[in-house]
Structure formats: C-alpha cells, structure tokens
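Some notes on the structure that comes next.
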Amino acid sequence: MEKLNLQTHNIVDENIKKIAELFPNCLTERLNEKGQPEAAIDFDMLRQELSKDIVEGPTERYQFTWPDKRNAIRLANAPTTDTLRPCREESVDFDNTQNLYIEGDNLEVLKLLRENYLGKVKMIYIDPPYNTGNDFVYNDDFDQDKQEYVHNSGQYDEEGKQLVTNTESNGRFHTDWLNMIYPRLKVAKDLLSEDGVIFISIDDNEQENLKKVCDEVFGSRNFIAELVWERAYAPKNDARFVSNSHDYILMFAKNIDVFVIGRLDRTEEANARYSNPDNDPRGVWKPSDISVKTYNAACDYPITTPSGRIVEPPAGRCWSLSKNSFLERLQDNRIWFGPNGDSVPSMKRFLSELKFDGMAPTSILFYKEVGHSQEGAKEVVSLFGDKGVFDGPKPVRLLERLLTLANLYDDSIVLDFFSGSATTAHAVMKRNAEKDMNLKYILVQLPEKVSEKKKDQGFSTICEIGKERIRRAGKKIKEESPLTTQNLDTGFRVLKLDSSNMQDVYYRPEDSTEQTLFEDNIKPDRSSEDLLFQVMLECNLPLSAKIETEKIAGKEVFSVNEGYLIACFDEKVNEDVIKEVAKRQPYYFVMRDSSMASDNVADNFEQIFQAYSKDTIRRVL
C-alpha cells in the first residue's frame, strides 16, 4: 500500500509538466542538491520558442543539439504570407472530392495548413529523404523570415539552391538533414489530433538522430515503437559487410494517454492454436501455464490431479492463483489436467472470452505480411506498364498495416507531406473500398524535377508521377469491384503553393506612395478562385470544403461550406448583391476593397448588414 502524501501539490512540478506538454523540447534534466537527476525546464530553449529572434544560451545541460538548431526552431515558428492556388485542370472531381494533393515546399504548406487543420489529422505518414549522400534534401534559407523564392520552380530556387545533394564531404552531413526535418515535424505535430499518431520511415543513417528529434518534438513519453520493416526478401551478396534487409518506422503518439492502437485481424494460424478436446460448451480454448516466478507463500500449495498425482509448483516458483481462486476455477471447469488427467494443471483460455478484438501487432513487419520493396516497385509498374517511373516506392500493404495500427475511423484525415509516388493515397482508397470507410488524405510533394529517363516517359516532376498514379489506382480499384465502389472517392483537388495573391503594399501600407495608393492591391495574374482559397485559409475552412458558384445581380458569388463563407470578388458590386448576401446570414462575407459600385453603396454597406445579419463577420481584401 502507498502512503498518503500529506502535503500540498508541488506547483513547480505541475508547471513544469504543463510547459513540457506545450514544448516537449524544453524539458531537460539537472542534478538537484542531493545529486539526483530531476526534470527541469531549459529556459533558453523556452525563450527561443517565444522569440522571433535567435536566443543565445551558454548553460551546460543534457540536450540534443547541432549547428543551426535555434534557426530551425525559428523557421518553424516564422509566419508565412504564401497561399495555395487551385488547379482544376489537373484535379479529379474537383467539386466533390474530399482529398487534397498539394504541390510545393512542405514546410510552407504545413504552416498554411496549421490553423485550418489544427488537431484534425488522425494519422501522419512520411518517408523523408534517407540522407544517403545522394538524395536531395531541402535547403531552407535561415536568413529570411519568409520564402521569397519561386515556389513552383521545382528542384532549384532563384539562386539554384532550393535542393542540394547532401554528401558527407560537405562537413554538415547530419546538420543539413536535421535542419530539414526538425521544423517540419514541429509544425506537423500541431496538426495531429489528441488521439493521432505519426509514422516516419528511416534507415540507419539518421535513425538515431530522428529518434532524438521525435523525443523532443513529440515528447519521449509518447514514443510507441520502432517498427522494423523487412524490406528485402533476399540477401545482396555484393554487400561490403552485411546485407541490409530492413528499414525502420518510428511511431509516436500525439498523446499516449489517449491513443488506442488498432489491432490486427486474427489469422487462421493464430486460431488454430485453440481447440476443444473436452467439448466445453464455451467453445475452443488453449492451455495457459499457471506458474509464475514472483513468489507468494499464499500461492505455494500442492495440487492433486484427477489421477491422484500430487503436483508442486516448479522450483523457485509458485502458482499464479491463490488456493481459493484455484478451487473456484476448478469448479467452473477452467482447469485442464491433460487428456489423461495427470498433467501439470493449466488454465483454459477461451477464444470467445479474449479481452481484445483482434491480435496485438508486433514490432517486426515481415515482408510476407506487408510486402517488400520489390512488391512496391511492381505495383507501380502494373499501373504504368513496363516503366520504372519511380524509384523505391513503398508497397501498399505496408501502408495498409500502418492505417490499421493508427486505428482510423470514418472521416479520419491521413497526411503525407513527403508524398513521393503517392502510395499513401493508393492505400487509403484501397482501405475505403475494402472496409466501406470514408478516410480522407492530404498529400504534399515538392515538384522536384525527375531524371532525363523519366522525362522520356512523359513526366517532368515527381508530382506528375504521383497524380497520375492516383488517377490510375483509383480507376483500377473501381474496375476490380464495380458493385461496391460506386461511391468511392477517387478524386483529388490539386492546389499549388505560390506567393501571396496580394501586392506587397497590402502587407506594408506604410510604404505606399501617391502613385501606388490607388493601385489595385491584388496581383493582376490571380483569379477569383485564387482569392477564394486564400480567404478559405484565412477563415480556417477545410480546403476540401464544398464550393458553389452562382450569379447574383450579374455578379459571381462563391458560397463555401453551405453558406458558411460567402465571397464576391467582382468589381462594381451594388446594393442588390449586398442585400441578398446579408439575407443569407453567412458567418463570413468577403469582397475586394475596391469592389463597391459607388460611395453610396459603401455608405449603406454596414446598415444593410445591421438590418439583415448583424453577426456576419465582414472582411475586405
């Protein structure tokens, strides 16, 4: 029995716990006056989390650090003015789909998604560059508070440095990779729901560092497992030392106290371990040892078998049941003495009485169960014909296993911000078809340029490969099960990262001159739908929200999410439009600052809304 504490709570300890929940990377250790380690707050790191500038901190402590780490934190916290522009022509079923395919630098995209999808993503899976020395890693500019490069330029920025080859000879081999992954994980954490989970594929090169990064970002207590995927089915005899046959998948929960892992379907092999030799009416069962190592005198007693044989607990052990508990189970026919009634007693564990549905997952993912790298490659070839359009795609069965472990439910959102060949989308559609579910996905991929060989096959960027894979995979799934997939969502809404729709003067009105004061503050190449999606981001609406368009008094009016947001970006908007919109009582109404048809309309604008919908939030661009 535990003793009563008989003292009030330690407020400092409670405050440390609260800060650790908000900023796990600020939790560290120190030695107390007794020389014992205790939890403490890294105040320099906390200051950095609350500062837009770089904070220096010379205090020596237990921590995981590398050059530019503070810059990486600042980069994760820095705001962005970028936007996402819709691309209908590359989308599939743009108006009805709930899925998103986003092209652009994933750090900026994650920042844009942070408010709209805060705490709404049930599962994240990423397969980032493995830092082998040949893969490209993102070369984030730590000297800028916002990205000013051309977002859709693919492999290169304006200076030709958006992506670089990370070789060990550059002296920053691990640093560059950590600076890439750290801010992205920090932003991604905010998107996870409280019962959410993240899976990250990695190999030996950065496995150790990635685990430490995740311990900081998600909190070491939220670590669930380091899964080992058997990615190769045959050894490579030309290996220098050991033929590497596995990769890792790190698994962290957002909140381990809330997350419940999904269990695997029972296999025929597992069920075969159960039988019913005594025709027990409760069904099949299997014997379970009732001896334990932890000694308890009350559980050390002789048992007489039906044959008359006396059985003692094995040396140094005792029974797991007290004598009374044993007699109760014996009376209930839950003790088995073997077919001849003279064996060491065991407990009957009935299949029908298992506490959990399904089987507990194991940390080793065997290729026979989840596929190997060759299977992933063959799946892509089967969709594209005899073409090697993508190197190293993950098998769909592997992603399906992770979807199971994530314990998803209808309308769960799955995010993959290193989308690559879009295996995640393929797995989500397959799961929806097989389980009659409605999972949704958000894929993010930099439009990295492909090799000349793949260009010859008709693709210029990885994004083009990914989008085409989704189209073909969705079509194949429907063709294979036409009767059960009629309502399957195989579409996706394509959005592309770009600089803001607004001119610089919009963000810095103090820089206006007499010449620019009356100029349009919207860039001339932007459409009304471009403006709408930036407004949707601002109003925290899901980017897959239903969009309806109609004409009111000759003006184009957008209604989003069944009238939650109404927007009109046409010029010369008159009182008839304003009055009709106000009568519909939207939560938000947005229009251009210069759209009023006359000064009289502008004067009456507020009066109209006060009369018909005073609670509507009115905004102008």
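Three semi-axes describe the equivalent ellipsoid of region 268-353; taken as square roots of 5 times the Cα gyration tensor eigenvalues and ordered largest first, they are 23, 15, 12 Å. When the pairs K212/K236; K122/K430; K189/K236; K18/K186; K17/K355 are compared against a 27 Å limit on Cα-Cα distance, K212/K236; K189/K236; K17/K355 fall above it.
For the pair D289 and A553, label points projected 7 Å from Cα toward Cβ lie 8.4 nm apart. In whole percent, what relative contact order does the chain give with Cα contacts below 8 Å and a gap of six or more residues? Normalised by residue count, the contact order of the chain is 16 percent.
Annotation: aspartates and glutamates with alpha-carbon distance below 15 angstrom to K572 (same-chain offsets under eight excluded): D520, E556, D593, D599, D603. Each 5 Å bin from 0 upward holds the following percent of the Cα-Cα pairs of region 504-620: 2, 11, 21, 22, 20, 14, 7, 2, 0. Summary of the geometry: region 522-576 and region 257-306, compared by the centres of their Cα atoms, lie 62 Å apart. Listed by chain and number, the lysines whose alpha-carbon sits under 23 Å from that of K323, ignoring those within fewer than 8 places in the same chain, are K286, K293, K348. Backbone phi angles across region 485-501, fed through the Karplus curve with coefficients 6.51, -1.76 and 1.60 (θ = phi - 60°), yield HN-Hα couplings of 10, 4, 9, 5, 7, 9, x, 7, 9, 8, 10, 10, 5, 8, 5, 3, 6 Hz in residue order; Gly and Pro are listed as x.
Residues in region 578-583 carry Karplus couplings, in order, of 4, 5, 5, 5, 4, 4 Hz; the curve used is 6.51 cos²θ - 1.76 cosθ + 1.60 with θ = phi - 60°, and Gly or Pro positions show x.
Per residue of the chain, what 222 nm ellipticity follows from adding -39500 (n - 2.57) for every DSSP H run with n ≥ 4, rounded to the nearest 500? It would help to have the intermediate numbers written out before the result.
Numbers: 18 runs with 180 residues, N = 621.
Using -39500 (n - 2.57) per qualifying helix, the result is -8500 deg cm²/dmol.
In the chain, a dipole from Cβ-located charges (positive for Lys and Arg, negative for Asp and Glu) runs towards its positive end, and of Y301, L27, V444 it is Y301 whose Cα lies farthest in that direction. The charge dipole of the chain, taken about its Cα centre with unit charges on the Cβ atoms of Lys, Arg (+1), Asp and Glu (-1) only, comes to about 2560 debye. For the chain, the longest principal axis of the C-alpha atoms and the axis of helix 599-612 are separated by about 40°. Computed 3J(HN,Hα) for region 378-385, one whole-Hz value per residue from the Karplus formula 6.51 cos²θ - 1.76 cosθ + 1.60 where θ = phi - 60°, is 5, 5, 5, 4, 5, 8, 9, x, glycine and proline marked x. Region 225-246 and region 354-424 have Cα centres separated by 18 Å.
Taking every DSSP bridge with both residues inside the chain, close to 60 percent are antiparallel.
Compared with the dominant Cα axis of the chain, that is its longest principal axis, helix 396-405 is turned about 70°. For region 381-501, the spread of Cα coordinates along the three principal axes comes to 40, 40, 26 Å, biggest extent given first.
Partnerless cysteines in the chain, where a partner means another cysteine C-beta under 4.7 angstrom, comprise C26, C87, C214, C463, C539, C568. Against the set (1) -0.43, -0.56, -1.11, -1.33; (2) -0.59, -0.75, -1.19, -1.31; (3) -0.51, -0.66, -1.11, -1.23, the structure's computed log10 I(q)/I(0) by the Debye sum over Cα atoms at q = 0.07, 0.08, 0.11, 0.12 Å⁻¹ falls on (2). Applying the criteria of a DSSP loop state and at most 10 other Cβ atoms within 10 Å to the GluC sites (Glu not before Pro) of region 547-621 yields E562.
Over 28 Å between Cα atoms: which of K496/K614; K475/K496; K546/K583 fall into that group?
Numbers: K496/K614 35 Å; K475/K496 24 Å; K546/K583 21 Å.
With Cα atoms farther than 28 Å apart: K496/K614.
Could you give the distance between the Cα centres of region 586-621 and region 182-207, to the whole Å? The two parts, judged by their Cα centres, are 43 Å apart.
Every number in this text was worked out from the coordinates using simple rules, so none of it is lab data. Note that the structure is predicted; figures quoted are calculated from it, not measured. Cβ sites come from the backbone with ideal geometry, for glycine too, and all protein chains shown count toward neighbours.
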